[in-house]
Amino acid sequence: MTLLELQRRMAEDVRRPLTSHFEMQRTGGDGEAVNMIAESYIAPNARLSSFERLEIYNRQYWFRLVNAVAEDFPTLNAVLGQKRFDALILAYLAENPSTSWTLRNLGARLPAFLEHHSEFTGRRHRLAVDVARLEWAYVEAFDGAHRAPLTAEDVRGVGPETRISLQPHLQLLSLSYPADSLVLSVKKGTPETDIVSNAASRREGRTRVTLPPMKREQIYLAVHRYDDCVYYRRIERETFQLLRALRDGASVAEAAAQAFEASKLTPAGQADCLRESFSLASELGWLCLFPIEEPHSSEPVM
């Protein structure tokens with residue numbers, strides 16, 4: 001076995017999915033006994049067999065991935081309970097393995113994955129999906145890009161056909177439950193050192209958080225960063241639709257029209273809503289100049 005073959009062999013074995021009990025699988029995908037595979041390139045010692053030595057690396061690899069995802073979803077953990085949460089993360093990672101040098105994006109597809117896997121959520125499916133979406137929005141808002149907001153001079157040049165962009169870190173969510181209250185409750189009730197998943201020790205002795213009762217309620221949230229802190233701000237449906245339209249590239253006039261689709265506000269109420277929405281967005285620095293795409297030139301670069 002060459003060095004390259006040895007490296008590939010061990011990499012494959014280290015990345016073998018764990019069992020539901022966080023242990024190394026005894027049989028490979030081709031039916032071959034893993035202990036025999038381990039013995040082919042790992043020597044036992046006085047205390048551990050070849051399989052047990054390989055299992056250490058296998059488990060630590062997966063514990064690192066599980067912890068990386070779980071750190072971003074502490075409230076989802078509390079909503080589902082430890083057993084279901086563990087099963088969810090293992091199933092998610094089996095289908096969405098790490099493919100990047102950074103673990104930052106490892107949980108990016110978890111909300112969408114959860115949407116289609118109600119077997120992990122039971123009767124709390126919609127609530128769990130809302131929580132997952134909100135917790136990932138926190139991650140996006142925390143380290144999303146920040147651009148220079150509109151200046152007073154920029155604002156004076158805004159007209160009906162102007163297109164305005166939003167801060168990249170601003171996340172807009174339409175939720176079926178007041179998940180913001182739940183997330184804040186869990187963060188307040190859980191010690192900072194206990195928020196992180198501790199899969200390696202099966203999270204024995206983990207502090208249990210008492211969740212407040214949750215009733216369905218349509219809410220609209222803006223998750224944003226301000227002075228290096230992330231905030232959840234509830235906004236009106238019309239404001240949500242206005243900002244979403246601006247984010248999607250609509251002009252000011254088009255966004256205003258979309259904001260009041262199916263709205264019961266009177267014309268005067270719509271005017272007040274527009275004024276208050278733009279005032280809020282401007283005050284918090286959410287509005288930016290729309291990026292100008294530079295024309296592609298066929299001229300050779302000298």
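The values are calculated or read from the model by the stated rules, or taken from the named source; none is laboratory data. What you are looking at is a predicted structure, and each value in this text was computed from that prediction instead of being measured. Counting neighbours? That spans all protein chains shown, and the Cβs are built from the backbone with ideal geometry, glycine included.
Among the candidates R47, R16, which residue alone is surrounded by 16 or more Cβ atoms within 10 Å (Cβ to Cβ) and over 30 Å from S181 (Cβ atoms)? Step through it out loud before you land on a result.
Numbers: R47 fails: surrounded by 16 or more Cβ atoms within 10 Å (Cβ to Cβ).
None of the other options fit; the residue is R16.
Please determine whether any residue of the stretch 102-114 is part of a loop (DSSP other than H, G, I, E, B), under 19 Å from Y138 (Cβ atoms) and free of Cβ contacts under 8 Å to residues at least 12 places away in the same chain.
There is at least one residue in the stretch 102-114 that is part of a loop (DSSP other than H, G, I, E, B), under 19 Å from Y138 (Cβ atoms) and free of Cβ contacts under 8 Å to residues at least 12 places away in the same chain.
Residues checked against (1) at pLDDT below 90; (2) buried (at least 16 other Cβ atoms within 10 Å of the Cβ); (3) assigned to a helix (DSSP H, G or I); (4) in contact with a His (Cβ under 6 Å, 6 or more places away or on another chain):
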{"site": "D130", "(1), (2), (3), (4)": "no, yes, yes, no"}
{"site": "L134", "(1), (2), (3), (4)": "no, yes, yes, no"}
{"site": "V139", "(1), (2), (3), (4)": "no, yes, yes, no"}
{"site": "K188", "(1), (2), (3), (4)": "yes, no, yes, no"}
{"site": "T193", "(1), (2), (3), (4)": "yes, no, yes, no"}
{"site": "V209", "(1), (2), (3), (4)": "yes, yes, no, no"}
{"site": "A222", "(1), (2), (3), (4)": "no, yes, no, no"}
{"site": "R234", "(1), (2), (3), (4)": "no, no, no, no"}
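Being among the acidic types (D, E), out of contact with any Gly (no Cβ under 9 Å at 6 or more places or on another chain) and either more than 25 Å from R126 (Cβ to Cβ) or not assigned by TED's automatic domain parsing to the domain that holds E161 (or both) is true for just one of E254, E261. Which residue is that? Step through it out loud before you land on a result.
Numbers: E261 fails: either more than 25 Å from R126 (Cβ to Cβ) or not assigned by TED's automatic domain parsing to the domain that holds E161 (or both).
Only one candidate passes the filter, namely E254.
Might you check whether a residue that is assigned to a loop (DSSP other than H, G, I, E, B), over 16 Å from the mean Cα position of the chain (by Cα), closer than 23 Å to D180 by Cα and not assigned by TED's automatic domain parsing to the domain that holds H224 occurs anywhere in the stretch 81-88?
Within the stretch 81-88, the subset assigned to a loop (DSSP other than H, G, I, E, B) is 81.
Now drop any that are not over 16 Å from the mean Cα position of the chain (by Cα), which leaves 81.
From the residues that got through so far, the ones that are closer than 23 Å to D180 by Cα too are 81.
Next, only the ones that are not assigned by TED's automatic domain parsing to the domain that holds H224 stay: 81.
Within the stretch 81-88 (the criterion being assigned to a loop (DSSP other than H, G, I, E, B), over 16 Å from the mean Cα position of the chain (by Cα), closer than 23 Å to D180 by Cα and not assigned by TED's automatic domain parsing to the domain that holds H224), the answer is yes, since at least one residue qualifies.
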